[in-house]
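Student: Can you keep this structure in mind? I'll have questions shortly.
The values are calculated or read from the model by the stated rules, or taken from the named source; none is laboratory data. No experiment lies behind these values; they were computed from the predicted model shown. A quick note on method: Cβ atoms are made from the backbone with ideal geometry, for glycine too, and the neighbour counts reach across all protein chains shown.
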Amino acid sequence: MNQIAVKEAPRSLKIRILRHNPHDPGSSPHLQTFELEEAESMTLFIALNEIRQTMDPSLQFDFVCRAGICGSCGMIINGRPGLACRTLTRNLPECITLAPLPAFELIGDLSVNTGKWMRGMSEHLETWVHQRDQDKADIDRLEERMEPDLAEKIYELERCIECGCCIAACGTARMREDFVGAVGLNQITRFRLDPRDERSDADFYSLVGDESGVFGCMTLLGCEDYCPKDLPLAAQIAFLRRRMAATGS
Amino acid sequence: MPKALSAWPARIDLLQSLSGLLLVLFIWAHMFFESSILLGEDAMYQVSRMFEGEPLFGKPYPLLVSAVGITVFVLVAVHAILALRKFPSSSRQYRQLHRHMGAIRHPDTALWYAQVITGFCLFFLVPTHLYTVITQPENIGPYASSDRVWSERFWIVYALLLLTVHVHAAIGVYRLAMKWYAPSGVNATRNRARLKLAMWCILGFFIVLGTASLLTYMRIGYQHADRAGERYVPAALHTEDS
Amino acid sequence: MQIIYTDVLVVGAGLAGQRAAIGAKRRGHDTIVLSLVPAKRSHSAAAQGGMQASLGNCLGASGDNEDIHFADTVRGSDWGADQEVVRMFTHTAPKGIRELAAWGVPWNRVQRGKHEITVDGKKQTVEESDAAHGLITSRNFGGTRKWRACFVSDGTGHAMLYTMSNQAIAAGIPVHERMEALALIHEGERCCGAIVRNLQSGELLAYVAKATCIATGGYGRIYRVSTNAVINEGMGAAIALETGIASLGNMEAIQFHPTAIVPAGILVTEGCRGDGGLLLDGAGHRFMPDYEPQKMELASRDVVSRRMEQHIAAGHGVQGRFGEHLWLDIRLLGKAHIERNLREVKEICHYFLGIDPVNDLIPVRPAQHYSMGGVRTDHRGQSPQLRGLFAAGESACWDIHGFNRLGGNSVAETVVAGMIVGDSMADFCDSQEGALQISTALVEEFGRRERQRLVAISSGTGGENAFELTRLMQDTMTASVGIFRHGERLREAVDTLQGLQRRAANITLRSSAPGANPELVAAYRLKRMLKLAQCTAFGALQRTESRGAHYRADYPQRNDREWLRRTLASWPDADATLPTLEYEALDIMGMELPPGWRGYGDRDYIAHPDTERRQHEIDAVLAGLGETADRYRRQQALMPFEHLLPTHLRKRNQRVGDEL
């Protein structure tokens, strides 16, 4: 670990937050600047809580796990989507601008309704294992075998935390509200890979074979470049596009 | 109930990519033939005769060039119409997109936007060029072309065309690769960076090649300005004549 | 006030809540789930290392079965667990994991052939059999005799929660997100739903239900340093407590996880040590074998955490910028293993510490991690005092963990309890008892009471600051009700908390923002958290022994003679500043495994007179069965439990080589 020999004077951070409370008829979107002293190992989670606790108790934001696992705290940090909880202020300039993730319904200040969007996406794309005979599995008997490599490949795609960064980073999603985005397309590839899911490519085509699905993607690659979990989104979408193009044409 | 399957979204997506790919291959080939002028006026003469079918039929048929021109025009039209679907189509979409790009400053989104802009320019430039090709197919040759470039001031169109078409094509090929075969696996990032580097190299190469050719046509046109309209006679024929 | 009617109301959308909801829904009952956050963001997602289930597939697990899982769990609990419930749990865990496997969890699988593993700091080569290839594999965890923690890399909870949530979506179960239950509606001793606050608009509404299930997770956030998510404030347990009727069990039983990174307090999985990682002190010395020669780094969490703090107190810690800590060394596992099976750990180290655990040591220190205590339930998950109120998962004291939970038993509990409680809620709804007669006047009355409370807080003029008081509570708990507890310090903590309770009545809000108003949320939650903190501190003060994670420096022995009892805390007088404590004896004469030494930790304890009697009885029963009786018959003879399970969960579990 780096030992800092000379202790430098802490920076004074200027955090500009795009604020708006839709439940307050008198509120309109505006930027508000808060100044606070940077602490060692300070994350935006710590900084925002300090602002709320000592400066403005009405400030709204979402954190849950504060460990980069749950995907609650996606926001726009200096123009780019990212997870606030694991963003260290020392990696940012003194002036930090925070805004809510666009493309989602605003709840207030930095809090947006990603949950509603994601649930809608899940319902629309039916993101669960489909088995004709749901109760076929006999839980008293040995589980179905699966190749270890395949299980790991599925997990690789399962790592998505539905934080919404790919949607916020996507020019297509910004223009088309019905676009399911990388998060949705990735889930389709995840279930397509899973032998427990009995759906055929034609079934998947009926879910994503249009402009709101895989053919809507314009390969702007914001998803790939801003995914906090470094999921192989571009490769997955390309793969899905090939499969769906072959299925459709 | 799954919704009714329509094959059109898949077909249209393929067609857009395929038409783009064909156009890119065409324009790159075009560049090599056009730059034959760098090897001398004779070389360019041979190439232009070749495209008029002389080696095949014994005499030149400029209509063949018109036919190619029309084919390209159709391809361009198809490609443009399909691509237009993806352009921001309302002021709301346009605003959203600009806010997004302004904030995120994401290189690949900017690349796409460069294609939108160049595509828009090509919308006007390509028909201008193709119009002359289709209507005056016989006017392609070391002197005829150079006269058009210089004496008829077409170098302005060609310079703009050169820049826009190659930016559009090089980015297009990179994006096509990412769209259908984005690198995967442990070296995905490295391979994408290499793809991008290849894109810049190809773009640089064709800009240099095209600029050199254009300058050559301009030089010939300049030198030939007082005799503008005169057709080129290959050196071999000159020798026989004298 | 809007009133929503449903058969089953589940408060909390983590693994336990959603599994219970699926169970009830499949039995044909309308089910609604309430959640503070989107379901997939629940804290279950943060479980990293694994889920215990005795599948016995891989080499390290071979020979594993329910009996060994049972014994490990009871020993881990320091005999505080309800042994019948532990039996129900260990019997159902393999079914739970197999159900999830069928539903889509990509469990890591056994790969046939030779593998290199790290054991006791050294590399070994083992060979997995063809017979096990492709079955669910497992890793080693603390306090277990077999490799039993089934895993999905180190994102086990995430993968489980996503699969569970997707199944709930498939079943069409509505999850009302950003909804907080403020109070349980009850008519005498019958629970009939909850008053709920919309955390977007601030509106109050009522949910009236035949059966209500608390599945809100733990209350770790009453501590300053905790691995818990910020939503783990124990509100489900608190509203049960505030009925004045339902009781909370063993609230003083708080687990501290050995490896939380310093200073963020974020968990790195026990899988690090399970896979062969070591704990080192300031001098780079591996100290755990000095204290625990048998299990070393893989003793139970309470023991390892205590040894770590003991070692730091002895002056062997590392003096870091954020106070003292120790090192977790997983470098010896190698890059390939870390990037495959510990990738979340690698990511956390990268983002929060700026280090790469492939090359660097990880600074760790124990931090609050789990609440063994919670809403006391019977074996089918219902509150014995408040009918119609159920609880599942960490928020419950169903009691498989007693005074210390084994790693990997928590996600296993969520799933198993969800399966069982979902079914018992359905049974309850189907029964005569489930019929609900409630007047809307009563519902309105509960709603009015909650509204008045909120208004009282909003218009308070006493000048106290909710955030400030929360911090003081958390500091008190971490400083005085931590790993090492002492009567005097506990007494001080109880006094401090009482003072904070009085001050909390004088909160003044600085913000009157319309909508949810985060400051108002902090204020009303603080009042409830203080009650939970008081149950914990006061319970710890009264328990003059050391058991599992509850360690009294002034009473260092486990005292079965006087304290083999479960603490039950209730809060009948809303204005009181202390809970009413009662104790429920654990009957040794009914135990399958009478108290003894755990196999790690301190050996001396004060035995209960019944222990010896019961042991003789067991010996006699087993001798009477003869040599030929199989393990099922022997178990059956000692402590039958299958009749307690829903009928469809009673069958035996097949393992490799078993005929069913």
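Student: Which members of segment C:223-238 meet the condition of being crowded, with 24+ Cβ neighbours inside 10 Å, out of contact with any His (no Cβ under 7 Å at 6 or more places or on another chain) and not small (Gly, Ala, Ser)?
Tutor: If the condition is that a residue be crowded, with 24+ Cβ neighbours inside 10 Å, out of contact with any His (no Cβ under 7 Å at 6 or more places or on another chain) and not small (Gly, Ala, Ser), then C:Tyr223, C:Glu233, C:Met235 are the ones that fit.
Student: Looking at (1) over 13 Å from A:Met75 (Cα atoms); (2) of a type outside the set (A, V, I, L, M); (3) crowded, with 21+ Cβ neighbours inside 10 Å, find the lone condition where A:Ser111 falls short.
Tutor: (1)
Student: Just give me the residues in segment C:375-424 being part of a helix (DSSP H, G or I), under 20 Å from C:Ala246 (Cα atoms) and under 13 Å from the mean Cα position of the chain (by Cα), in sequence order.
Tutor: Residues satisfying the conditions are C:Gly393, C:Glu394, C:Ser395, C:Ala417.
For every residue, the table says whether it meets (1) within 12 Å of chain B (Cβ to nearest Cβ); (2) assigned to a helix (DSSP H, G or I); (3) touching a strand residue (DSSP E or B) at 6+ places or on another chain (Cβ under 7 Å); (4) free of Cβ contacts under 8 Å to residues at least 40 places away in the same chain.
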{"position": "A:Arg174", "(1), (2), (3), (4)": "yes, yes, no, no"}
{"position": "A:Asp178", "(1), (2), (3), (4)": "no, no, no, yes"}
{"position": "A:Arg199", "(1), (2), (3), (4)": "yes, no, no, no"}
{"position": "A:Ala202", "(1), (2), (3), (4)": "yes, yes, no, no"}
{"position": "A:Ser206", "(1), (2), (3), (4)": "yes, yes, no, yes"}
{"position": "A:Glu211", "(1), (2), (3), (4)": "yes, no, no, yes"}
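Student: Separate question: Within segment C:30-47, is there a residue that is outside any strand (DSSP E or B), under 19 Å from C:Gln382 (Cβ atoms) and either away from chain A (no Cβ under 13 Å) or without any contact (Cβ under 8 Å) to a residue 40 or more places away in the chain (or both)?
Tutor: No, the conditions are met nowhere in segment C:30-47.
Student: Is there a residue being surrounded by 17 or more Cβ atoms within 10 Å (Cβ to Cβ), at pLDDT 95 or above and more than 14 Å from chain A (Cβ to nearest Cβ) anywhere in segment C:504-525?
Tutor: Checked against the condition, which is being surrounded by 17 or more Cβ atoms within 10 Å (Cβ to Cβ), at pLDDT 95 or above and more than 14 Å from chain A (Cβ to nearest Cβ), segment C:504-525 yields at least one hit.
Student: Next question. Look through B:Leu64, B:Leu97, B:Leu18, B:Leu22 and report the one residue that is assigned to a helix (DSSP H, G or I) and either more than 26 Å from B:Cys121 (Cβ to Cβ) or touching a Cys at 6+ places or on another chain (Cβ under 6 Å) (or both).
Tutor: So the residue among B:Leu64, B:Leu97, B:Leu18, B:Leu22 that is assigned to a helix (DSSP H, G or I) and either more than 26 Å from B:Cys121 (Cβ to Cβ) or touching a Cys at 6+ places or on another chain (Cβ under 6 Å) (or both) is B:Leu64.
Student: Here is a check on your reading of the model: is C:Leu199 over 20 Å from C:Ala39 (Cα atoms) and either touching a Leu at 6+ places or on another chain (Cβ under 9 Å) or more than 11 Å from chain A (Cβ to nearest Cβ) (or both)? Write out each step before concluding.
Tutor: Working: over 20 Å from C:Ala39 (Cα atoms): no; either touching a Leu at 6+ places or on another chain (Cβ under 9 Å) or more than 11 Å from chain A (Cβ to nearest Cβ) (or both): yes.
Considered against the rule, which asks whether it is over 20 Å from C:Ala39 (Cα atoms) and either touching a Leu at 6+ places or on another chain (Cβ under 9 Å) or more than 11 Å from chain A (Cβ to nearest Cβ) (or both), C:Leu199 comes out as no.
Student: Would you call C:Gly134 surrounded by fewer than 24 Cβ atoms within 10 Å (Cβ to Cβ) and facing chain A (nearest Cβ under 10 Å)?
Tutor: In short, yes.
Student: Counting just the residues of segment A:218-238 that are acidic (Asp, Glu) and at the interface with chain B (Cβ under 8 Å from one of its Cβ atoms), which one comes out surrounded by the fewest Cβ atoms within 10 Å (Cβ to Cβ)?
Tutor: Looking at residues that are acidic (Asp, Glu) and at the interface with chain B (Cβ under 8 Å from one of its Cβ atoms), I get A:Asp225.
Student: Assigned to a helix (DSSP H, G or I), hydroxyl-bearing (Ser, Thr, Tyr) and surrounded by fewer than 17 Cβ atoms within 10 Å (Cβ to Cβ): does that describe B:Thr118?
Tutor: no
Student: Of the residues that sit in segment A:106-116 and are at the interface with chain C (Cβ under 8 Å from one of its Cβ atoms) and in a strand (DSSP E or B), which one is farthest from C:Val175 (Cα to Cα)?
Tutor: Across segment A:106-116, the extreme among qualifying residues is A:Gly108.
Student: Check segment A:79-96 and report whether any residue there is under 29 Å from C:Gly354 (Cβ atoms), among the hydroxyl-bearing types (Ser, Thr, Tyr) and not assigned by TED's automatic domain parsing to the domain that holds A:Cys223.
Tutor: Within segment A:79-96, one or more residues are under 29 Å from C:Gly354 (Cβ atoms), among the hydroxyl-bearing types (Ser, Thr, Tyr) and not assigned by TED's automatic domain parsing to the domain that holds A:Cys223.
Student: While we're looking at this one, here's another question. Which residue, of C:Gly657, C:Gly601, is outside any helix (DSSP H, G or I), touching a residue at least 40 places away in the same chain (Cβ under 8 Å) and in contact with a helix residue (DSSP H, G or I) (Cβ under 6 Å, 6 or more places away or on another chain)?
Tutor: Answer to the check: C:Gly601.
Student: Further question on the same structure: More than 10 Å from chain A (Cβ to nearest Cβ), of a type in the set (A, V, I, L, M), under 30 Å from C:Leu59 (Cα atoms) and buried (at least 22 other Cβ atoms within 10 Å of the Cβ): is that true of C:Ala149 in this structure? I'd like the intermediate steps shown before the answer.
Tutor: Working: more than 10 Å from chain A (Cβ to nearest Cβ): yes; of a type in the set (A, V, I, L, M): yes; under 30 Å from C:Leu59 (Cα atoms): yes; buried (at least 22 other Cβ atoms within 10 Å of the Cβ): yes.
The answer is yes for C:Ala149.
Student: Tell me, which residue of segment C:36-53 that is of a type in the set (S, T, N, Q) and over 19 Å from C:Phe89 (Cα atoms) is surrounded by the most Cβ atoms within 10 Å (Cβ to Cβ)?
Tutor: If we take residues in segment C:36-53 being of a type in the set (S, T, N, Q) and over 19 Å from C:Phe89 (Cα atoms), then C:Ser42 is surrounded by the most Cβ atoms within 10 Å (Cβ to Cβ).
Residue-wise test of (1) of a type in the set (S, T, N, Q); (2) free of Cβ contacts under 8 Å to residues at least 40 places away in the same chain; (3) within 26 Å of C:Trp103 (Cβ to Cβ); (4) not in a strand (DSSP E or B).
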site: A:Arg66; (1), (2), (3), (4): no, yes, no, yes
site: A:Ile76; (1), (2), (3), (4): no, no, no, no
site: A:Leu98; (1), (2), (3), (4): no, no, no, no
site: A:Phe104; (1), (2), (3), (4): no, no, no, yes
site: A:Met118; (1), (2), (3), (4): no, no, yes, yes
site: A:Ser122; (1), (2), (3), (4): yes, no, yes, yes
site: A:Val129; (1), (2), (3), (4): no, no, yes, yes
site: A:Ile139; (1), (2), (3), (4): no, yes, yes, yes
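Student: Before we move on, is C:Thr216 of a type in the set (Ser, Thr, Tyr), buried (at least 21 other Cβ atoms within 10 Å of the Cβ), within 14 Å of another protein chain (Cβ to nearest Cβ) and out of contact with any Gly (no Cβ under 7 Å at 6 or more places or on another chain)?
Tutor: Details: of a type in the set (Ser, Thr, Tyr): yes; buried (at least 21 other Cβ atoms within 10 Å of the Cβ): yes; within 14 Å of another protein chain (Cβ to nearest Cβ): yes; out of contact with any Gly (no Cβ under 7 Å at 6 or more places or on another chain): no.
Considered against the rule, which asks whether it is of a type in the set (Ser, Thr, Tyr), buried (at least 21 other Cβ atoms within 10 Å of the Cβ), within 14 Å of another protein chain (Cβ to nearest Cβ) and out of contact with any Gly (no Cβ under 7 Å at 6 or more places or on another chain), C:Thr216 comes out as no.
Student: Continuing with the same structure: Can you pull out the residues in segment B:190-208 that are closer than 18 Å to A:Cys223 by Cβ and surrounded by 14 or more Cβ atoms within 10 Å (Cβ to Cβ)?
Tutor: From segment B:190-208, those closer than 18 Å to A:Cys223 by Cβ are B:191-193, B:195-196; that's our starting set.
Residues satisfying the conditions are B:Asn191, B:Arg192, B:Leu195, B:Lys196.
Student: Is it true that B:Asp108 is over 20 Å from B:Met178 (Cα atoms) and surrounded by 13 or more Cβ atoms within 10 Å (Cβ to Cβ)? Give the steps one after another, and end with the answer.
Tutor: On the way: over 20 Å from B:Met178 (Cα atoms): no; surrounded by 13 or more Cβ atoms within 10 Å (Cβ to Cβ): yes.
Considered against the rule, which asks whether it is over 20 Å from B:Met178 (Cα atoms) and surrounded by 13 or more Cβ atoms within 10 Å (Cβ to Cβ), B:Asp108 comes out as no.
Student: Run down B:Arg153, B:Arg95 and say which single residue is free of Cβ contacts under 8 Å to residues at least 60 places away in the same chain, away from chain A (no Cβ under 14 Å), farther than 30 Å from B:Arg11 by Cβ and among the charged types (D, E, K, R).
Tutor: B:Arg153
Student: Which one of these is surrounded by fewer than 21 Cβ atoms within 10 Å (Cβ to Cβ) and either facing chain C (nearest Cβ under 7 Å) or free of Cβ contacts under 8 Å to residues at least 60 places away in the same chain (or both): A:Ser28, A:Ser58?
Tutor: Only one candidate qualifies: A:Ser28.
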